[in-house]
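The values are calculated or read from the model by the stated rules, or taken from the named source; none is laboratory data. Treat the numbers as computed from the prediction; the structure is a model and nothing was measured. Here the Cβ is made from the backbone with ideal geometry for all residues, glycine too, and neighbour counts use every protein chain on show. Accessible surface areas use protein heavy atoms only, side chains included; no ligands, DNA or RNA. Shrake-Rupley method; radii C 1.70, N 1.55, O 1.52, S 1.80 Å.
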Amino acid sequence: MSVLITNIGELITNTPADDSAPAALVLDGDRVAWTGPAARAPAADEAVDAGGRAVLPGFVDSHAHLVFAGERGAEFAARMAGQPYAAGGIRSTVAATRAASDAQLRANLGRLAAELLAQGTTTFECKSGYGLTVADEARSVALAAEVTPEVTYLGAHVVPPEFDGDAAGYVDLVCGAMLTACAPQARWVDVFCERGAFGADEARAVLAAGAAAGLLPRVHANQLGPGPGVQVAVAAGAASADHCTYTDDADVAALAGSGTVATLLPGVEFSTRQPYPDARRLLDAGVTVAIATDCNPGSCFTSSMPLCIALAVREMRMTTREAVWAATAGGARALRRPDVGHLGVGARADLVLLDAPSHAYLAYRPGVPLVAGVWRAGRRVWPGPRSTSAVDFGP
């Protein structure tokens, strides 16, 4: 079935064919079939009048930790009172996650996935990393695979309490039995290469073992301070180096000369009061930049890509268009997904209708629920299908 969306005030396709208002596009099945001026739009089975509103690709959230139990609100309050953030807080979520049933984890995961969708996210990555036993990591990736194909095995999140003093033993487990249990359900392998987590040699070992099992690499890099994470990611051919809060000239040059995307997570800096990464420096050097939420119960408990776009514009000095590109096409590149993040002909028909005339309103009106409609794979999935074939969103 084909759908014509017409009278679009601003159409962002992330291709050279962006159209000025009034524009239109046609969805045919699960793909984009046509874009162009509204006056030349072909007929379709269903018509949607956008009423002068903006349409852009569905957001692609390339970094999220959604399989967990418990909450860490008191930890957040303590940080806001001056306590510094450290990687060790993850252990409290590990304890809660291990104690939770599959049903409890699945319910929380479903709630967060629904939040993402309602805010315009049509593709998202989901990591394990809060189980840190063979059985708990295996069930985490299995649960994640129920809601997204972009599943990341993050057994190397932190060293769990039972391996205190034996980090090497835990890395052996991550590279051995745990990897064997998790690889069939995962696409990616990740490692937290950071002080308080895993060093460069340990990270290289985890990524190499994951690659041998058929998993593609990504890296948590340079979040808490300068370190080897970015260089490890680039050397491994990782799809992304995530955080990049503290980078030096050599890190920036390495990213610019590679296919590794710098995935920035401004919600983390908002939630931890750390300095924001220098997006302007990265962009000006030619680095491909993505924006993601890092939704997790500790360092950033938001599922809102619109909030992260607003923070990127205000705090990281990105233009509104750069931030939207990073949250759509940039995220798609971080996941190596050429089918999403844009609305070119042949792309998967994932799109967001804003209750605003321009993409700039995502930063111009921060905190306001501007998502009026979401289509994924050509089907309207939020706020839900209407009973009539013509949907008019008003003037």
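Brief remarks on what is shown
- Exactly one residue out of T93, T97, T121 is of a type in the set (V, I, T) and either open to solvent by 10 Å² or more (accessible area, probe 1.4 Å) or within 18 Å of the chain's Cα centre (by Cα) (or both), and it is T121.
- For the range 74-87, a tally of residues being open to solvent by less than 50 Å² (accessible area, probe 1.4 Å) and either within 12 Å of H157 (Cβ to Cβ) or touching a residue at least 60 places away in the same chain (Cβ under 8 Å) (or both) returns 4.
- Meets criteria (open to solvent by 10 Å² or more (accessible area, probe 1.4 Å) and either in contact (Cβ under 8 Å) with a residue 40 or more places away in the chain or in contact with a Gly (Cβ under 8 Å, 6 or more places away or on another chain) (or both)) for R195: yes
- Among the residues here, D190 does not qualify as part of a helix (DSSP H, G or I) and charged (D, E, K, R).
- The residues in the range 233-251 that are in contact (Cβ under 8 Å) with a residue 24 or more places away in the chain and open to solvent by less than 10 Å² (accessible area, probe 1.4 Å) can be counted, and the count is 8.
Every residue, every condition in (1) modelled with pLDDT of 95 or more; (2) in contact with a helix residue (DSSP H, G or I) (Cβ under 8 Å, 6 or more places away or on another chain); (3) open to solvent by 10 Å² or more (accessible area, probe 1.4 Å); (4) aliphatic (A, V, I, L, M), yes or no:
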position	(1), (2), (3), (4)
D278	yes, no, yes, no
D294	yes, yes, no, no
P297	yes, yes, no, no
A312	yes, yes, no, yes
R321	yes, no, yes, no
L354	yes, yes, no, yes
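- With respect to being charged (D, E, K, R) and outside any helix (DSSP H, G or I), E75 falls outside the description.
- Residue within the range 32-42 that is under 25 Å from the mean Cα position of the chain (by Cα) and open to solvent by 10 Å² or more (accessible area, probe 1.4 Å) present: no
- For the residues A77, A38, A33, A87, the requirement of being modelled with pLDDT of 95 or more and more than 18 Å from V374 (Cβ to Cβ) singles out A33.
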